Amino acid sequence: MGCYYIYFDGLLIYFYEGCVFKLAVNKPKTNIAVLLKDSWVLPCLLLVACVGIAFLVAKINIIISPLIILFTIGSAVVSLVFYDFRWGFYGGLILTSIMFYFERVVPFSVPYGVFCDLLFLVAFVAMVLDKKQRTWIEYSTHPITVGYFLLFVYQIFQVFNPNSVSLLGWLASLRSLIFPLILLTAFGIVASTKGIKMLISVWLAIATLAASYAIYQEIFGLTGFEMRWVSSDPIRYGLYFIIGHMRKFSFLSDPSAFGVFMAYSALASFSLMFAPLSTSKRLLLGISFILMFMSMLYSGTRTAYAMVFIGIVFFILISIRKKATFVATFLLVFAFVLIMFGPFYNRYVNRLRSAFRPSEDASMEVRDVKRIRWQPYIWDHPIGGGLNTTGSPGLKFSAGHELAGGWDPDSGYLKIALEQGWIGLALVMIFFLMVMIKGIDNYFNLRDPMMQSINLSFLIPFFAVSIANFTQNAILYKPLFLFVIITYAVLIHIQSLEKNKIKI
C-alpha cells in the first residue's frame, strides 16, 4: 500500500491504492519549515551565521561568542516557559537547589541567583498571560497574601529610614521583591491536587538526593574541588572542620543551610508517612526520612536537631486523636530516651544531645549575649537602623553604621529587629501567627485524610523553621525559603481544593 500526492495550483491530489482523491486547499504561504527542507537553504543560513559570529568576535570581543550561545539557550528556555509556566517555576526551584555545587566546580563567578530570579519572573509573566490561570487572581486578596505584600511595602518604605547611612543596602534588598511574585506563581502551581502532589514529589526528590550526596561525602570524603573551596577561606574552614571532623553540606551552600533543609524536608516525609498511601509509598517516605535524618546529623547543625524534635512534638499534639499517632508517639518517646541516655557515644550522638542542653552550649551563650546587648538599640529605634546594616553586609553596603561590623546576628528575628525595628519584627510575628492559625484551621476543617496529611506536611515544617529562625537566619536559607513561600499558597488554597473537589 502507498500514498502519494501532487500539489498543483491550489489542489492537493492524493493517489492511494490506485484511487484518486482531489482536495481543494488555499495556496500555502511561505513556510520556514518548508524552506529549511530545501537542501541549499539551511547550509546557507548556517554559513551566514558562522561568518557573522566570526566577524563580530574579531571586530568587537571574544565575549560575543558566549553571549550568542547564552542568548540562544535563553530564547529556547523562555519559549518553553511561555509554553508552560511550570517549566520556569520548577527550573528556578531546581537551579536554586544545585547552584552552589556549580559555583564550586566552575572556577569563575556566574550569577546563578540572577538566573533563578529571571526564571521565576518569566514564569510569573507567562502565568499572567495564560488566560486559563486565574487562581492567583482569586487569592491575591486573601489576608495572608495581603499580609505578605505588606511586609514588602514596609521594606520599600525603609528608603525613608533616617537611621540608614546609605541607599546601597536598601537597593540590594529590592531583589527580594521577587518573593511576592513567587507566591502568586505558586498559586498556579498548587491549583490542583495533581499540582500539589507533583510539587511534593519534586521537593522530596531534591531533598533525598541532597541527603544521599551528603552520605556519600561522609563515607568517601569531599571531592578535590570541594576541599579546595572549603580550604580557600580560613574562617570557613574553621567553621566546617570541628573536633577533627568535617561537617557535611551536600550540594547546598553550607552545613547550616543543609542541616535545616534536611530537618524541614524530613518533617514533611514524616507527616506524609501517616497519609492514606500504599505500603510501597510509605516505605519510600520512611527511607527518605532516615536518609535525611542521618545526613542532618552529618551536617552538625544543632538547630536542625531541635527542629525535628519540635516538629514531631507539634505533629503529635495536633493529631493525637489518631491511633497511628498514638502508637508512633510511644515508639518515638522510647527512641528519644534511648538516644539521650543510652550507654553509647560518638560525635553525632554527643552533638545531638548537646542540642537539648542549651545551658552547656557555648554558641547559645554567645547568641544570648548578642540579643541582650542589642535590646536597648531595638527599643530606641522603632523602625530599625536600615536594611543591610548589620554585620558583614553592613560593612559592604553601610560602612560606618553602628550596626556594621565583623559579626553575625545569627538569629533571623534579631536581624529583622535591628534593621527594621520592633515594628518590623511585630509585623513578621503577626504574619507568622496568621499562617499558623490558617494551617491549624485547615487541619480541623478538612475531611479528606489525604488533604489533612498534605496540609500537615507543609504546616509542621513551617512551624519548626519559624522556631529555628530564633537561632539561625533559617527562613532565608536556599532553597528552603522557596518552600516556605509555597507553604503560604498551599495553606491558603487547600480548603478550596477539597470543597470544589478538584481532582485533576
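The values are calculated or read from the model by the stated rules, or taken from the named source; none is laboratory data. Just so we're clear, the structure is a prediction, and the values are computed from it rather than from any experiment. Heads up, the Cβs are rebuilt from the backbone with ideal geometry, glycines too, and the neighbour counts pull from every protein chain shown.
Structural remarks
- Tally, over segment 200-237, of residues that are surrounded by 13 or more Cβ atoms within 10 Å (Cβ to Cβ), polar (S, T, N, Q) and either closer than 14 Å to Ser265 by Cβ or not assigned by TED's automatic domain parsing to the domain that holds Lys281 (or both): 2
- Residues in segment 422-438 include none that are among the small types (Gly, Ala, Ser) and under 20 Å from the mean Cα position of the chain (by Cα).
- If you go through segment 158-175 and keep only what is under 18 Å from His381 (Cβ atoms) and surrounded by fewer than 13 Cβ atoms within 10 Å (Cβ to Cβ), you end up with Phe160, Pro162.
- Residues in segment 96-149 that are crowded, with 16+ Cβ neighbours inside 10 Å and among the basic types (Lys, Arg): Arg104 only.
- Taking the conditions (1) within 18 Å of Leu476 (Cβ to Cβ); (2) of a type in the set (S, T, N, Q); (3) without any contact (Cβ under 8 Å) to a residue 60 or more places away in the chain in turn, Ser280 satisfies each one other than (1).
- Screening segment 333-351 for residues that are in a helix (DSSP H, G or I) and free of Cβ contacts under 8 Å to residues at least 12 places away in the same chain and picking the one that is farthest from Ser256 (Cα to Cα) gives Phe334.
- Output for segment 219-245, where each listed residue is touching a strand residue (DSSP E or B) at 6+ places or on another chain (Cβ under 9 Å) and under 22 Å from Val349 (Cβ atoms): Gly221, Tyr240
- Test for Leu414: is it modelled with pLDDT under 95, buried (at least 21 other Cβ atoms within 10 Å of the Cβ) and of a type outside the set (Phe, Trp, Tyr): yes
- Screening Leu222 against (1) assigned to a helix (DSSP H, G or I); (2) aliphatic (A, V, I, L, M); (3) more than 21 Å from the chain's Cα centre (by Cα) leaves a single unmet condition, (1).
- Residue selected from segment 77-110 under the condition among the small types (Gly, Ala, Ser) and out of contact with any Cys (no Cβ under 9 Å at 6 or more places or on another chain), by the criterion farthest from Pro479 (Cα to Cα): Ser79
- Residues in segment 410-451 that are free of Cβ contacts under 8 Å to residues at least 12 places away in the same chain and not hydrophobic (A, V, I, L, M, F, W, C): Asp441 alone.
- Residues satisfying the stated conditions in segment 244-291, i.e. among the aliphatic types (A, V, I, L, M) and closer than 18 Å to Phe100 by Cβ: Met246, Leu252, Ala257, Val260, Met262
- Residue-level check: of (1) more than 17 Å from Leu199 (Cβ to Cβ); (2) modelled with pLDDT under 95; (3) over 22 Å from the mean Cα position of the chain (by Cα); (4) not basic (Lys, Arg), Ile504 misses just (1).
- Residue in segment 224-242 that is in contact with a Lys or Arg (Cβ under 7 Å, 6 or more places away or on another chain) and either at pLDDT 95 or above or within 25 Å of Phe336 (Cβ to Cβ) (or both) present: no
- Filtering segment 68-89 to residues that are modelled with pLDDT under 80 and either closer than 19 Å to Cys116 by Cβ or surrounded by 14 or more Cβ atoms within 10 Å (Cβ to Cβ) (or both) leaves Ile68, Leu70, Phe71, Gly74.
One line per residue, one yes/no per condition, for (1) modelled with pLDDT of 95 or more; (2) closer than 26 Å to Pro479 by Cβ:
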site: Phe397; (1), (2): no, yes
site: Glu402; (1), (2): no, no
site: Pro409; (1), (2): no, yes
site: Asn445; (1), (2): no, no
site: Ser457; (1), (2): yes, yes
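- Selection status of Lys396, among the basic types (Lys, Arg) and more than 22 Å from Ile494 (Cβ to Cβ): yes
- Close pairs (8 angstrom Cβ cut-off, 6 or more residues apart or separate chains): part of a helix (DSSP H, G or I) in segment 70-94, of a type outside the set (Asp, Glu) and exposed (fewer than 11 other Cβ atoms within 10 Å of the Cβ) anywhere: Phe82/Leu129
- Residue count for segment 429-485 satisfying the condition of being assigned to a loop (DSSP other than H, G, I, E, B) and closer than 24 Å to Gly92 by Cβ: 6.
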